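Throughout, read-outs are computed from the coordinates displayed, never taken from laboratory work. As the structure is a computational prediction, the values presented were derived from the model and not from experiment. Every residue, glycine as well, gets a Cβ built from its backbone with ideal geometry; the counts of neighbours run over all protein chains shown.
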Amino acid sequence: FSQAARCTQRADKGVHFFIDDYRFNRLWSTPDRYLPMLQQFRCVMTPDFSMYTDFPKTMQIYNHYRKHWIGAYLQENGIDVIPTIGWSDESSYEWCFDGEPVGGAVAVSSVGTQASPESADLFMAGYNEMLRRLQPAQIIFYGKVPAGCEGNIFHVTAFQEKLKARIRAKKESTESD
């Protein structure tokens, strides 16, 4: 989303929100402002509002609601929407999959979920619960795909991964000179 305005060939691209919330809160505040631009893209994934485990449950549910509201609004305005699936811990399973399609395409991100063994375990538990409940036909996966993730995964390399690869390549070319 943060690069969508600069994108010139929009018809064959999708928009994701796997970025810091402050970079897309403006969509929540003024959705009509972004409709003409978003309508030019092939698809738009629902916003990935944060659901950190240390957020109060009410804030997590509110962020789940905001994601669904924006998704419905975009669909109502002719945009092909792919739901982004998010969870925090096992207690969020009672509501975080509500309203999500069974058997359709979904989007998920592992960015920021692999920093510790505990967060990696929480991610895998939620991912497996998503598979069980939603049985997605396709999973658009943003970021590194952790071992054990199954399903029809379409991998999208995260910006951070691309940046690290460029830095490594530059370092290697400098070292070989």
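Pairs of lysines in the chain whose Cα atoms sit within less than 15 Å of one another amount to 4, provided the residues are eight or more positions apart or on different chains.
With each label modelled as a point 7 angstrom along the Cα→C-beta vector, the residue 58-residue 175 pair spans 5.3 nm.
Take the Cα of residue 10, step 7 Å along the line toward its Cβ, and report every residue of the stretch 56-99 whose backbone nitrogen sits under 15 Å from that point. It comes to 74-75, 77-81, nothing else. Once you order the gyration tensor axes a ≥ b ≥ c over the Cα atoms, which shape class does the stretch 38-173 get: rounded for a/c under 1.5, otherwise prolate or oblate by comparing a/b with b/c? It comes out oblate by the Cα gyration axes.
Check every DSSP H run in the chain and write down those whose alpha carbon atoms cover 15 angstrom or more along the long axis and whose mean Kyte-Doolittle hydropathy is -1.0 or greater. Those that pass (Cα extent of 15 Å or more, hydropathy at least -1.0) are 117-134. Using the Cβ-Cβ distance between residue 119 and residue 37 with R0 set to 35 Å, the FRET efficiency from 1/(1 + (r/R0)^6) comes to roughly 0.55.
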